[in-house]
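Here is the structure we will look at.
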Amino acid sequence: MRLSGKTAFITGGTRGIGLATVEAFIEHGAMVGFTARKTEGVNAVIARLAKNCVGFVADAGDDEAMVAALSATSSASGGIDVVFANAGHYVNAPLGETSRETLQQQLSVVTNTFMTVQLALPHLREGASIILMGSLYASMGPPGAGAYAASKAGIAALARSFASELSPRGIRVNVVVPGAVDTPSWGMDDLELSLRDERKRLIGERAPLNRMIRAAEVANAVLFLASDESSGLQATEIVVDGGTTGAMAGSPRYVRGEP
Ligand SMILES: NC(=O)c1ccc[n+]([C@@H]2O[C@H](COP(=O)([O-])OP(=O)(O)OC[C@H]3O[C@@H](n4cnc5c(N)ncnc54)[C@H](OP(=O)(O)O)[C@@H]3O)[C@@H](O)[C@H]2O)c1
């Protein structure tokens with residue numbers, strides 16, 4: 001029980017990495033408040049997990065809804081110990097083809113992450129842990145993903161400034177940086193099973209571990225950052241990418257001489 005007695009708030013908790021983190025936190029004794037935009041997703045998670053979690057329909061860009069969700073989460077136990085600002089999305093935005101609106105939509109992930117932390121501040125206990133969601137794309141230069149990469153690089157920069165601002169309260173701010181994680185966000189759920197498996201295999205080949213990362217594996221890193229076990233970590237990043245950045249030359253595609 002690594003989060004026993006703690007209260008956590010997670011944005012985007014109905015699918016993928018956010019849902020895996022809600023589950024991990026509950027398993028380790030936390031009371032969890034989570035958000036998402038769609039009512040049916042929130043209701044489905046509450047119906048399945050029932051105990052020790054409360055869900056809110058709140059877009060991370062809607063300050064009023066976020067204030068209500070944070071206040072309700074906090075009031076149950078008199079404060080919040082962990083914030084995981086996870087909500088985000090990928091927008092394909094190739095240079096030469098991207099509208100200002102699309103750019104602004106993608107970059108709103110930075111604004112929403114900033115506001116999530118700012119709105120949570122009045123509820124945070126001394127020694128709280130804040131985890132922001134980054135991405136390997138921030139440092140890989142993927143074509144067509146400049147806006148997404150910029151949003152995630154911006155989030156990493158936020159974490160460093162937030163850490164300086166919040167250290168006097170003993171509040172830690174760190175970033176989890178996943179590689180390719182097998183979640184619904186890749187849009188493969190509607191594909192025929194064999195095609196889906198083939199796509200996942202090809203994506204996984206970019207990592208020396210030769211597979212996509214599981215959402216639960218990212219949740220485990222977030223769990224560590226949320227717990228007191230990581231009490232010495234401040235303004236740092238934990239990369240969960242199967243070795244894609246650290247040992248690129250070991251990936252099957254690289255070994256075969258493919259891009
Ligand atoms: N999957 C990857 O390979 C990968 C790699 C690196 C980083 N990441 C990052 O990890 C985070 C989660 O990704 P995922 O793959 O787990 O995504 P996912 O499976 O699509 O789940 C996203 C979750 O966030 C919610 N959400 C999305 N936008 C929201 C908003 N504006 N306000 C509140 N909730 C919102 C979604 O519910 P609703 O649709 O109902 O709102 C859902 O619960 C994102 O920030 C993503 O950029 C993912």
Of the residues in the stretch 182-220, those that are of a type in the set (D, E, K, R) and closer than 25 Å to Val22 by Cβ come to Asp182, Asp189, Asp190, Arg196, Lys200, Arg211, Arg214, Glu217
Within the stretch 57-72, considering residues that are more than 17 Å from the chain's Cα centre (by Cα) and outside any helix (DSSP H, G or I), the one nearest to Thr11 (Cα to Cα) | Val57
Residue hits (the stretch 159-188; of a type in the set (Gly, Ala, Ser), within 16 Å of the ligand (Cβ to nearest atom), out of contact with any Asp or Glu (no Cβ under 9 Å at 6 or more places or on another chain) and not in a loop (DSSP other than H, G, I, E, B)) are Ser185
Please verify whether the stretch 197-209 includes one or more residues that are on the phi > 0 side of the Ramachandran plot, surrounded by 17 or more Cβ atoms within 10 Å (Cβ to Cβ), of a type outside the set (Phe, Trp, Tyr) and within 14 Å of the ligand (Cβ to nearest atom).
-> no
Subset of the stretch 1-47 (residues that are of a type in the set (S, T, N, Q), within 6 Å of the ligand (Cβ to nearest atom) and not in a strand (DSSP E or B)) = Thr11, Thr14
Leu132 passes all but one of (1) free of Cβ contacts under 8 Å to residues at least 60 places away in the same chain; (2) more than 12 Å from Glu237 (Cα to Cα); (3) within 12 Å of the ligand (Cβ to nearest atom); which number fails?
-> (2)
If you go through Ala138, Ala120, the only one that is outside any strand (DSSP E or B) and within 11 Å of the ligand (Cβ to nearest atom) is Ala138
So which of Arg2, Arg37, Arg15 ends up being of a type in the set (D, E, K, R) and under 14 Å from the mean Cα position of the chain (by Cα)?
-> Arg15
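Filter the stretch 23-42 down to residues that are farther than 15 Å from Ala69 by Cα and touching a residue at least 12 places away in the same chain (Cβ under 8 Å) and give me whichever is surrounded by the most Cβ atoms within 10 Å (Cβ to Cβ). I'd like the intermediate steps shown before the answer.
Of the stretch 23-42, the ones farther than 15 Å from Ala69 by Cα are 23-30, 40-41.
Pick out the ones that are also touching a residue at least 12 places away in the same chain (Cβ under 8 Å) and you get 23-26, 28-30, 41.
Numbers: Glu23: 19, Ala24: 21, Phe25: 29, Ile26: 18, His28: 16, Gly29: 13, Ala30: 27, Gly41: 17.
Once the filter is applied, the top-ranked residue is Phe25.
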Which one of these is in contact with a helix residue (DSSP H, G or I) (Cβ under 6 Å, 6 or more places away or on another chain) and among the acidic types (Asp, Glu): Glu192, Glu165, Glu205?
-> Glu205
Condition met for Leu191 (within 25 Å of Thr35 (Cα to Cα) and away from the ligand (no atom under 12 Å from the Cβ)) = no
Report, by residue number, each residue of the stretch 69-96 that is free of Cβ contacts under 8 Å to residues at least 60 places away in the same chain and either of a type in the set (Ser, Thr, Tyr) or surrounded by fewer than 15 Cβ atoms within 10 Å (Cβ to Cβ) (or both).
-> Ser71, Ala72, Ser75, Gly78, Asn92, Pro94, Leu95, Gly96
Residues being over 20 Å from Ala138 (Cβ atoms), of a type in the set (Ser, Thr, Tyr) and surrounded by fewer than 16 Cβ atoms within 10 Å (Cβ to Cβ) - total across the stretch 210-253 | 1
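Every number in this text was worked out from the coordinates using simple rules, so none of it is lab data. Bear in mind the structure is a predicted one, so any value in this text is a computation, not a measurement. Ideal geometry is used to build each Cβ from the backbone, glycine not excepted, and the neighbour counts take in all protein chains shown.
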